[in-house]
Structure formats: C-alpha cells, structure tokens
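The block underneath contains the structure these notes are about, expressed in structure tokens.
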Amino acid sequence: MQMAASKDNTTLLSSNFAIQLLFLRSFPLNQHDRRNTMTIPLSTRCRMLAEATLMLTAVMLCSTVWTATTPNAFGQSQVPQDRWEKVTIDEIEIGYGLQIEDVNGDKKPDIILADKSTVQWYENPTWQKHVIAKDLTERDNVCIAATDIDGDGRCEIAVGGQWNYRESVKDGAVHYLIAPSDRSQPWSPVKLYNEPSTHRMHWISGPDGSKRLAVKPLRGKGSVDGDGAGLKLLEYLPPKDPRSDWTHEVICDFLHLSHNFHPVNWDDDPEEELIVAAKEGVWHFDRTRGEGGPSKWKSTQLTSEFAGEIRDGKLPDGRRFIVAIQPMHGSVAAAYREPESNAQTWELCKILSESLKDGHALACADFLGVGYDQIVVGWRAMNDPGVPGIKLFTPLDPNGNHWRENQLSGDEIAVEDIKIGDLDQDGQVDIIAAARQTKNLVILFNRTISPK
C-alpha cells in the first residue's frame, strides 16, 4: 500500500510543480506579457500561485489517504496484484483436453493431455512426457477425464474421440484406458457405447461414493445446428472388470448444442450434480433418490442465454456465482449470482467482457488467497480471428457488481483448454493451458504474494 501511495504522491507533486510553472508562464514576472497587454501586480500573482498550491496539496493528501486506507469497495484487506511465471513444457498439435491428477501414485499432481491423435501425461516435477495411447480413432481425440476410481492413489482415464464437428449421426467414440503396471508405457483401450458427437466428459461421484463417467455429446442424434432431437447426456457405471459391459443411464435428453458442462456439489448429499451450458441456457441437474431402478435427475434452468462454457465459484458475500461464455465460442463472459429463491433464474451481476475472440475456457478458484473466488477466461481467436488471450477477473465488492480485470497472456497462448491446480504444491492455484494455433502447453505458476 505504501508503494501505491508513494507513487501517487510523486505524480501529484509533479502535477503541483507543473502547475506552478504554468502560473509563472501565464503571469510572467515582467510588467507586460508580449501576448497580452494586461498588467498584473506582483503581489496578486504571488497570492494566486499560493492559493493554487494549497488546493493541489489538499487534493494530494486526500488521494494519499484514500490509496492507503481504501483498497477496495467493501473495506476488506488489500486485494493483491496477481503475478505469474510462464513455463512452456511441450509443443503440441491441438491440445483438446486437459486433466490434473496423480498418475503414478507419487502424491504429485501430473498433467494429462488428449492431443489430436495421442494421449500423454507429463510427470511432475520434470514434466517428462509419457505417451500412453495413439490413434484410438480415425479422427481426432476431443476430451479426457481422469480420477482415482478405486482408491489406490493413482488415476484412471477415459477418452472421447472420433471428433467431427458438423456430423451428428455416426461419429464419436468413448474409450476407457486400462493401465499397465508401468504407467509410463502404453495403456490398453476398452471401447464403450457412445452417442454420436462425443464432446465432453467428467468423472462424477455417485450416491454410494463410487465414481461414474458422465459423457455429453455436442449435438443430438441427427440434429442440424441445434434443430432436431435433443442430445443424450449419459452416465456410465464402471463394472468390477472394466473389460466387461458398462451399463449407462440417461441424465438429460432435451438440450441442444451443449459445448461444456461441469460437476458441482451444492447440497448436503455426497453425490455430485451437473451444470450444463447449452443453446437453451445453463441448467442444473440434481440426482433424486428413488426406490431401486435407474437414477432420476431433476432439471432446473438457471439462465436463458445460449452458453458454451460454464463454471461456478463463491462471491465475497458467500453466495454462489456461475460464469458463462455466451454463446458457444462467443465473445461475452457473463457472471450470474444465485437468487434468493430457487424458483428464480440466476441474476446477472456483471458482463465481464464483450470482446472475447472465440471464448473457449473458464476456471474459478481463489488464486489470490483472499477467501473468495476469481475467474480465469481463455479465448483462442480461431473461428473469430483476432488476438487470443487469458484474463483474470476479481470481484471488488461483496455481491459481484464490480470486478478488476487483468491480462495474463496474449497472442503467445491461443487457448483450447484450461485446467487449474496446485502443480508445484506451494499452496497456490496454478493454471495449465493447452493452445491450438500456437501449439504450446504452458504452465502459469502462481507467484502472487497473498495477504497475511
């Protein structure tokens, strides 16, 4: 804070001196100005200069007090300035999907990537690359999900592929990968049932604490540009022997053009819910308990604007917020806060940006160590040409009406996907970004000096 105040003092003192010079130039000490025949007594000129100096000094003192004692809009401790160290760990082809999980059981978070035709993981802390699958499908991989489903401290991996953006009848694929004893060697794929247009997947917690695989297409079968049948979001139940048949159930079948979704747990039960971004807006799906048989899911609409990306976090006042990129691959990042009543849709609290070029990634966490969440937004500038980038948005009031915006990167990282986690285990949340056009995999290590 003292540095900020000192800087402002220097600026104002410089302004003070400059205006004194301006007065001297405007009212020269010689009796007659060459540009003006008006004669001003020396005593009057001195009095005017003294009054101006006193006024500027008062402004300077007020500004110094404000800078030192009013760091943000709601009187909390100073919100620190974020700092990042960028480290490129690999050249890649596209970088469709990222995960951060412990692959080899050494209690360090590793980076897992579904690239165009390969699946690989990067071993923490050297980031040595281990390719574990190649050419699972004829067309590209598109998504990946990793978590420890059997409790042995090492993650299991599923991959989505056979990606074909416009096609909605036959293309798509889901594979589960079985790890060998040496997890740096190739893993064995098991092909699972899939709906066409496989696009995103997550491992989610079920009612009994077990992990299930949720897989979402972009489009409904046979649909064209959002018209036609709704997409089927499926939940797969892993069998004891992963090589045997996996059963699956339908979570949702009425949405269209759903680019992304995200697991949440907003209630008191152990299982996770889902928030899904689609042409019909953002929807929340909560499992309801039934007497045997397949699970049933209650759907609740949160917003109505066409959304492509979705994440959630907590505001300074403790309320939840969601952030969406609107529409799919859109230019708008919008934050919404939870309403007073569950019967209401969520309230727009801030349009964070309207200038994204092909918005493609979101993440929420307390990067600054201030006790509430900030938002990372990434865009790739591919379909909508321009300059790509990553920005960090920080709420500056309790209910999210005012946000600080900081640019973390520019044309050096054309974001395809972003994931977050404490990669160097220093207690701060880092960012990993996979970039399509710039073909790089970059860690942004968090070097922010958090408030004590």
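The values are calculated or read from the model by the stated rules, or taken from the named source; none is laboratory data. Keep in mind that this is a model prediction, so the values were computed, not measured. Heads up, the Cβs are rebuilt from the backbone with ideal geometry, glycines too, and the neighbour counts pull from every protein chain shown. Surface areas here come from the heavy atoms of the whole protein model, side chains and all, with no ligands, DNA or RNA. Shrake-Rupley method; radii C 1.70, N 1.55, O 1.52, S 1.80 Å.
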Got a number for residues in segment 77-106 being among the hydroxyl-bearing types (Ser, Thr, Tyr) and either under 17 Å from Asp424 (Cβ atoms) or open to solvent by less than 30 Å² (accessible area, probe 1.4 Å) (or both)? 2
Tally up the residues in segment 314-329 that are under 20 Å from Asp366 (Cβ atoms) and not in a strand (DSSP E or B), please. 5
Kindly check whether there is at least one residue in segment 255-262 that is touching a residue at least 24 places away in the same chain (Cβ under 8 Å), among the hydroxyl-bearing types (Ser, Thr, Tyr) and assigned to a loop (DSSP other than H, G, I, E, B). yes
Hits in segment 390-406 (condition: hydrophobic (A, V, I, L, M, F, W, C) and over 24 Å from Arg380 (Cβ atoms)): Leu396
So Glu273 ticks every box in (1) open to solvent by less than 40 Å² (accessible area, probe 1.4 Å); (2) under 21 Å from Val323 (Cβ atoms); (3) in contact (Cβ under 8 Å) with a residue 60 or more places away in the chain but one. Which box is left unticked? (3)
Picked from segment 179-199 (must be in a strand (DSSP E or B) and open to solvent by 30 Å² or more (accessible area, probe 1.4 Å)), the residue farthest from Glu249 (Cα to Cα) is Ser188
Could you check segment 351-446 for strands (runs of 3 or more DSSP E) lying wholly inside it with 2 or more residues that are in contact with a Gly (Cβ under 8 Å, 6 or more places away or on another chain) and of a type outside the set (S, T, N, Q)? 359-365, 374-379, 389-395, 415-421, 430-435
Checking Lys129 against (1) open to solvent by 20 Å² or more (accessible area, probe 1.4 Å); (2) under 25 Å from Val264 (Cα atoms), which test does it fail? (2)
Out of all the residues in segment 229-240, is one or more within 25 Å of the chain's Cα centre (by Cα), touching a residue at least 24 places away in the same chain (Cβ under 8 Å) and assigned to a loop (DSSP other than H, G, I, E, B)? yes
Residues Arg243, Arg311, Arg287: which one is part of a loop (DSSP other than H, G, I, E, B) and among the basic types (Lys, Arg)? Arg243
Give the residue that is surrounded by the fewest Cβ atoms within 10 Å (Cβ to Cβ), with candidates limited to residues of segment 324-345 that are in contact (Cβ under 8 Å) with a residue 60 or more places away in the chain and of a type in the set (A, V, I, L, M, F, W, C). Met328
Condition check: in contact (Cβ under 8 Å) with a residue 60 or more places away in the chain and touching a strand residue (DSSP E or B) at 6+ places or on another chain (Cβ under 7 Å). Does Asp373 satisfy that? yes
For segment 419-431, the count of residues that are surrounded by fewer than 24 Cβ atoms within 10 Å (Cβ to Cβ) and either over 25 Å from Gly386 (Cα atoms) or of a type in the set (A, V, I, L, M, F, W, C) (or both) equals 9
Matching residues in segment 330-350 - criterion: being among the charged types (D, E, K, R) and assigned to a strand (DSSP E or B): Arg337, Glu347, Lys350
Filter segment 439-452 for residues that are over 20 Å from Ile112 (Cβ atoms) and open to solvent by 10 Å² or more (accessible area, probe 1.4 Å); the one that is modelled with the lowest pLDDT is Lys452
For the condition without any contact (Cβ under 8 Å) to a residue 60 or more places away in the chain, part of a strand (DSSP E or B) and among the basic types (Lys, Arg), what is the one hit in Lys298, Lys221? Lys298
Matching option when the condition is open to solvent by 20 Å² or more (accessible area, probe 1.4 Å) and modelled with pLDDT of 95 or more, among Ser168, Ser117: Ser117
Run down Gly400, Gly427 and say which single residue is over 12 Å from the mean Cα position of the chain (by Cα), farther than 20 Å from Arg311 by Cβ and at pLDDT 95 or above. Gly427
